[in-house]
1. Please determine, by comparing only the residues of region 151-162 that are open to solvent by 40 Å² or more (accessible area, probe 1.4 Å) and farther than 19 Å from Met23 by Cα, which one is modelled with the highest pLDDT.
2. Restricting to region 112-150, name every residue that is under 17 Å from the mean Cα position of the chain (by Cα) and open to solvent by 50 Å² or more (accessible area, probe 1.4 Å).
3. Show the residue pairs meeting these rules: Cβ distance below 6 Å; 6+ apart or different chains; first residue within region 138-154 and touching a residue at least 12 places away in the same chain (Cβ under 8 Å); second residue open to solvent by 70 Å² or more (accessible area, probe 1.4 Å).
4. Quick check on region 45-59. Is at least one of its residues closer than 18 Å to Val5 by Cβ, part of a helix (DSSP H, G or I) and among the polar types (S, T, N, Q)?
5. Of all the residues that make up region 80-101, how many are aliphatic (A, V, I, L, M), open to solvent by 60 Å² or more (accessible area, probe 1.4 Å) and over 17 Å from Met155 (Cα atoms)?
6. Looking only at region 56-67, filter to residues that are open to solvent by less than 70 Å² (accessible area, probe 1.4 Å) and aliphatic (A, V, I, L, M); which one of those is farthest from Ser19 (Cα to Cα)?
7. Using beta carbons and a limit of 6 Å, which pairs, at least six apart or on different chains, have the first residue in region 87-98 and in a helix (DSSP H, G or I) and the second one open to solvent by 70 Å² or more (accessible area, probe 1.4 Å) and of a type in the set (Ser, Thr, Tyr)?
8. For region 68-77, check the following and say yes or no: at least one residue is assigned to a helix (DSSP H, G or I), surrounded by 13 or more Cβ atoms within 10 Å (Cβ to Cβ) and within 23 Å of the chain's Cα centre (by Cα).
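The values are calculated or read from the model by the stated rules, or taken from the named source; none is laboratory data. Treat the numbers as computed from the prediction; the structure is a model and nothing was measured. As a convention, Cβ positions derive from the backbone with ideal geometry for all residues, glycine included, and neighbour counts pool all protein chains shown. Note: areas computed on protein heavy atoms with side chains; ligands, DNA, RNA excluded. Shrake-Rupley method; radii C 1.70, N 1.55, O 1.52, S 1.80 Å.
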Amino acid sequence: MYDIVRLFHIIAGIWVGGSYIFMVPILENKLRRLGPAFQGPVMQALIPILTPVNALSFIVLLGTGFAMTVMLRGGTLNGLLTTGWGWDMLIGIIFTVGAMVVGFGMLMPTGIKMDKIGKGAAAAGRPPTEAEGAQLGKLSEKVHKLSQINFVFIMIATVTMV
């Protein structure tokens, strides 16, 4: 049973870590250089797919991580923090939960606001107004900074878990 739980944990970890390693330092930076005309449509195409898959992956990571920890500790978490391994697991969990909070509590609502502005302008058959463009620029910068924070969180969680 442990091996099956571990397999799901590793697959979810590869997905989360891999998607962030690709998205933040590679794709996001390239799209920012290409400008909003490219960045907006590409991100609007990716986010509806990535959001639920990442949410499921985070849930699988936390659930399987907890299950593996309990299995390895003989069904009890007593004394977990008396070992370096236990501290590594705690740090990994904290940064994984932090990444979830930033991703789903801050990034997702910001993306929804950006999408709403873009769709509102498109529904009116016009490009975003100057004020909407300025707001989209601020929101885009916020997304960029939050993505970088999440990238660091996920990398710390990954390193501690390894």
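1. Looking only at region 151-162, we keep the residues that are open to solvent by 40 Å² or more (accessible area, probe 1.4 Å), and these are 151-153, 155-156, 158-159, 161-162.
Subset that is farther than 19 Å from Met23 by Cα: 161-162.
Numbers: Met161: 81, Val162: 78.
Here the residue is Met161.
2. Ile112, Glu141, Lys142, Lys145, Gln148, Ile149
3. As it stands, the answer is Leu139/Lys113; Leu146/Met106, since those pairs meet every condition given.
4. The answer is yes, given that some residue of region 45-59 is closer than 18 Å to Val5 by Cβ, part of a helix (DSSP H, G or I) and among the polar types (S, T, N, Q).
5. So the answer is 1.
6. The selected residue is Ala67.
7. Within 6 Å, no pair qualifies.
8. yes
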